[in-house]
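Read the structure below first, then the notes.
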Amino acid sequence: MMVDAWDRQKGESAKAYERFKIYLYLPPGQRSLKKVHEKLGKLSVNSTQNSKIPTLRTLENNSADWKWVDRVRLYDAHEQLKEIQKYEEDFTKNNKKLINLLKDLLDYCDTSLKEIMDNNAEYALTTRLSLISTLMGVIDRANYNIRTCFGKPAKYTDKLEVDLDNQVSMKDEINIFKKTDRELEELLSVNDDFDMEAFLEEQKQ
């Protein structure tokens with residue numbers, strides 16, 4: 001049966017292993033035979049049994065014979081690996097939650113865009129354009145985060161583009177107060193065909 005390096009090894013006496021465990025459970029970076037010797041002295045004082053305290057030379061021999069340094073290195077690596085695995089599990093779990101939240105946000109933006117486009121009478125043209133611009137910004141940022149969650153490249157040089165005859169980009173400044181009513185209506189109509197399902201599928205590619 002295989003045993004871990006930090007478990008009691010074949011041929012290792014119970015006393016030698018107890019001394020090793022004291023060394024093992026000292027904080028990393030603070031392990032020393034001197035501290036093991038000190039702890040053994042304190043244990044001896046508090047013990048009802050009159051046990052003999054091993055000398056530093058004996059501890060040096062134990063350490064050399066049973067590879068204490070190598071064994072604690074393997075133990076530390078094992079503990080670090082457990083921490084990494086726990087972190088990855090937590091990250092995966094939280095990542096799934098974040099993706100679902102971002103999808104809900106995109107659905108909300110899609111619904112809001114449709115409501116704005118379908119209720120022309122409720123909003124002034126400038127208000128509608130401002131709301132759409134804000135929603136498209138939210139969609140752009142949600143898209144950025146979704147791609148990050150999927151492990152896709154998230155460095156964009158261009159923002160989402162509004163499809164007019166001359167391909168006006170959202171990153172370009174649009175002074176809505178200098179637009180005519182016809183031009184504002186054209187800006188408001190660019191999102192009529194926004195397909196959220198196709199948008200999400202595109203981000204997974």
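Laid out as a table, the results:
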{"read-out": "From the options 79, 88, residue that is closer than 30 Å to residue 7 by Cβ and modelled with pLDDT under 80", "value": "88"}
{"read-out": "Given (1) open to solvent by 90 Å² or more (accessible area, probe 1.4 Å); (2) modelled with pLDDT of 55 or more; (3) in contact with an Asp or Glu (Cβ under 7 Å, 6 or more places away or on another chain), index of the condition residue 182 fails", "value": "(3)"}
{"read-out": "Odd one out for residue 54, checked against (1) of a type outside the set (Val, Ile, Thr); (2) at pLDDT 85 or above; (3) under 38 Å from the mean Cα position of the chain (by Cα)", "value": "(3)"}
{"read-out": "Some residue of the range 96-112 being of a type in the set (S, T, N, Q), part of a helix (DSSP H, G or I) and modelled with pLDDT under 80", "value": "no"}
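The values are calculated or read from the model by the stated rules, or taken from the named source; none is laboratory data. Note that the structure is a prediction, hence the values are computed from the model and not measured. As a convention, Cβ positions derive from the backbone with ideal geometry for all residues, glycine included, and neighbour counts pool all protein chains shown. Accessible surface is based on the protein model in full, side chains and every heavy atom, while ligands, DNA and RNA are left aside. Shrake-Rupley method; radii C 1.70, N 1.55, O 1.52, S 1.80 Å.
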